[in-house]
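Everything on this sheet refers to the single structure shown next.
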Amino acid sequence: MQQRPYGAWHSPLSSAAIVAETVTLSDTQIDADAVLWQEGRPAEKGRVTLMRRGSDGRLRELTPAPFNVRTRVHEYGGCSYLMAGLTLFFSHFADQRLYRVAGDAAPRPITPDVPQAALRYADLQYSPAHERLYAVREDHRASGEAVNTLVLLNAQGDEAGGAVVASGCDFYCAPRLSPDGRQLAWVQWRHPNMPWDDTELMLAPVLEDGRLGVAQCVAGGANESVCQPQWSPQGELHFVSDKSGWWNLYRWRDGQMQNLMPMAAEFGAPHWNFGAANYAFDGEERIVCAYSQQGSMHLAWLNTSSLVLTKFSLPCSWFASVHAHAGRVVCVAGSPLLEPSVVSIELNSGQAEVIKRGSGLAIEPGYTSVPQAIEFPTAQGRSAHALVYLPVNQDFTAPAGEKPPLMVLSHGGPTAATVPVFKAGLQYWTSRGFAVLDVNYGGSTGYGRAYRERLKGQWGVVDVEDCVHGAQHLVAQGLVDGQRLIIRGGSAGGFTTLAALTFHNTFAAGASLYGIGDLEALARDTHKFEARYLDSLIGPWPERAELYRARSPIHHTAGLNCPLILFQGSDDLAVPPEQSRQMHAAVKAKGLPVAYIEFAGEGHGFRQAASIRRAIDAEAYFYARVFGFELADAVEPVAIDNLP
């Protein structure tokens, strides 16, 4: 074992290996005996394709290049396809049209070609009785804010772009048709609410022509978030609601809501993407469900008659996109040693099979840091949650007495959560000698509504305090070097990063990936889905303009006194590039070491292999220069302004 300073260890987890071997897996479906999923490929400039594994184990790509299976509804998209019998429907990213593939025929568009991809579709639901598709449509054809509706489309082709069947709300998701085709359920909400604030679960009769009768609200409303409606095989409506303070499973029976399993656990997730599925039916009396408790997830089955919950004993600690059929569940799952992968589980035996790994990296456990979940004291007598990763590399040790630098990660959302699964990008740092604190600050999902609402009016305060106190907690325990504390984050996590660097003196360096520096500009410029998000996180705009300025790092760079690197996509609509450009200019003018890298053609989050690799290497180079250690691998240098 060699002795080298922390940060200077050589690791098999190179940026080249990460981008070459890693794909993003999501949105599984079961089609008879076959399994389908969406696969994002950095090596193909982030193109998303649809894969199918048949019962014989053979893999087939259903949407070869140039097709890119991705919708832009809400900008964050989500499940962008539907398999209905032998017919596939999907959204193509370039033109946002819906395409139909019947058997082995070539894909053909069924929605009109409009300028600037102004008609976008998501969350498809097929009605065999009418040979129609229900879908969420986002219409950008007129000036001003986009118009979201539920529409009914002719599945053979619809040059009108769909007939509106539900309108009047700002947002819609999850249209779900009852097994007999006579009722349609969906979720809707209005500005300024986000879908984890107040939503309504609607139910309407389906008329003979597929249009809808008078709808009624069966759940939701003020201070209640309802999500993920589904029908049982016998036609009972089920859904997830946080009416109890936790996202629990409910059913609608005899005009009443019934909580099937009251628990301090989350059976749902915030609606950032379409198609989320934390539970599925395997017969009338068995629901397979994934739920979160204290930062870790479990998979179980719930008997809907006895209301007994039975956990599976599985080596996974995170589950998403849960679907079941004929005694089998298929999902995306992961663990500290398994990156998010498509997994099939036999319900009777509990035997699990990995169908598709999220990475082809063959990394030995001796290079992998397994996280420890902690709860630590923070401001105002509260406690917060995080995952701690200590440096691990079987080939290296640090000089006696040296403590590792700490990288604090502030996740995006901010209503998201970090989970204990293998992340190659995180292990890149731990295998080089960095400790990592992945913080689930107040506002994160997975700890109940009250924890999620800590950020109401307090964004830039509570999240920052939790990141600061988390770092100080590890310093006090003697685990990390208090002089080499780093904070990094993307999007909302980038705002937390910039605010921590601006309003506190805890950190010695930072990295902002498409982060928010000017809250006023964000309130004016962002897309519809998040146009009123800041009303709850900060306050109503423009009435509280002074508070927006007080919380915006761009107006308080006098308090920033450490090196900073910024990364940005040129085509980002959620956080426009001007945010990062202004922050770079302000820090440069102050004379601090600062670097700025903008990637042409990238949006909100980097999808292309070249961008991902360059961002990883550039960040490592930046820390090596500002902290004065030598990288084990040669990387392309970064232009750092004001570097002594």
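Indicate the gyration tensor shape class of the range 335-467 (rounded, prolate or oblate), computed on the Cα atoms with a ≥ b ≥ c the square roots of the eigenvalues: a/c under 1.5 is rounded; otherwise a/b larger than b/c is prolate and the rest oblate. Walk me through the numbers on the way to the answer.
On the way: a/c = 2.50, a/b = 1.19, b/c = 2.11.
Note, shape of the range 335-467 comes out oblate.
Using the alpha carbons alone, the radius of gyration of the range 560-644 stands to its Kirkwood radius in an Rg to Rh ratio of 0.98. Quick check on the range 519-615: take the gyration tensor over C-alpha atoms, sort the square-rooted eigenvalues as a ≥ b ≥ c, and tell me if it's rounded (a/c under 1.5), prolate or oblate. Oblate, because a/c is 1.5 or more while a/b does not exceed b/c. Rounded to the nearest 500, the helix-only mean residue ellipticity at 222 nm of the chain stands at -4500 deg cm²/dmol, with each DSSP H run of n ≥ 4 adding -39,500 (n - 2.57).
The relative contact order of the range 554-609, computed from alpha carbon pairs under 8 Å that lie at least 6 residues apart in sequence, is 46 percent. The length gained by stretching the chain between E598 and A105 to full extension, at 0.36 nm per residue less their Cα-Cα distance, is 173.4 nm. Looking at the range 163-210, the accessible area is 36 square angstrom per residue; that uses a 1.4 Å probe and ignores ligands, DNA and RNA. Under 5 Å between amide hydrogens, built in the peptide plane, is the criterion, and for G412 it picks out G490, G493 among residues at least 5 positions away or on other chains.
Phi angles across the range 212-226 convert, under the Karplus curve 6.51 cos²θ - 1.76 cosθ + 1.60 with θ = phi - 60°, into 3J(HN,Hα) values of 10, x, 5, 8, 10, 8, 9, 6, x, x, 4, 6, 9, 9, 10 Hz, Gly and Pro given as x. Using a 1.4 Å probe on the protein chains only, how many percent of the accessible area of the range 314-379 belongs to carbon and sulfur? The computed percentage sits at 51. When only alpha carbons are used to place a centre, the range 431-477 and the range 140-191 end up 37 Å from one another. The alpha carbon centroids of the range 1-24 and the range 75-127 are separated by 39 Å.
Net charge of the neighbourhood of H298, taken over other residues with C-beta under 12 Å away and scored Lys/Arg +1, Asp/Glu -1, is 0.
Highest-first packing order for the peptide set 178-189, 71-82 is 71-82, 178-189, based on the mean count of other beta carbon atoms within 10 Å. Backbone amide hydrogens, once placed in the peptide plane, bring K45 within less than 5 Å of A609, excluding anything fewer than 5 places away on its chain. Taking Cβ atoms as reference points and 14 Å as the exclusive limit, the residues near D104 contribute a net charge of +3, counting Lys and Arg as +1 and Asp and Glu as -1.
Tell me, what is the per residue accessible area of the range 503-644 in Å², probe radius 1.4 Å? Don't skip to the answer; put the middle values down first.
On the way: 5580 Å² over 142 residues.
Solvent-accessible surface per residue comes out at 39 Å².
In the range 120-270, the portion of solvent-accessible area held by carbon and sulfur atoms comes to 45 percent [1.4 Å probe, whole percent, DNA, RNA and ligands not counted]. From the alpha carbon centroid of the range 391-418 to that of the range 527-582 is 27 Å.
In sequence order, the range 362-370 has phi-based couplings of 9, 9, 5, x, x, 10, 10, 8, 9 Hz under the Karplus curve 6.51 cos²θ - 1.76 cosθ + 1.60, θ = phi - 60°, and Gly or Pro positions carry x. Here the 3J(HN,Hα) profile of the range 272-280, calculated from phi with Karplus coefficients 6.51, -1.76 and 1.60 at θ = phi - 60°, is 8, 10, 6, x, 4, 8, 8, 8, 7 Hz, Gly and Pro shown as x.
Shown for the range 541-602: the carbon plus sulfur share of the solvent-accessible area, taken with all protein chains present and a 1.4 angstrom probe, equals 55%. For the range 96-202, the list of GluC sites (Glu not before Pro) that fall in a loop by DSSP and count at most 14 other C-beta atoms within 10 angstrom reads E131, E145, E159. Packing here is the average count of other Cβ atoms within 10 Å per residue, and on that basis the peptides 395-402, 520-527, highest first, run 520-527, 395-402. For the chain, the relative contact order comes to 11 percent (Cα pairs under 8 Å, sequence separation of at least 6).
DSSP beta bridges confined to the chain are antiparallel in about 80 percent of cases. Based on protein heavy atoms only, the range 1-134 ends up with 41 Å² per residue of surface accessible to a 1.4 Å probe.
Between A219 and L201, the built amide H atoms are under 5 Å apart, and every one of these is 5 or more places off in sequence or on another chain. Inter-label distance, D180 to E159: 3.8 nm, where each label sits 7 Å from its Cα along the C-beta direction. Normalised by 2.2 N^0.38 Å, where N is the number of residues, the C-alpha radius of gyration of the chain stands at 0.94.
The values are calculated or read from the model by the stated rules, or taken from the named source; none is laboratory data. Worth saying up front: this structure is predicted, and the values here are computed from it rather than measured. Cβ: placed from backbone, ideal geometry, glycine included. Neighbour counts: every protein chain shown. These accessible areas exclude ligands, DNA and RNA; they are computed on the full protein's heavy atoms, side chains included. Shrake-Rupley method; radii C 1.70, N 1.55, O 1.52, S 1.80 Å.
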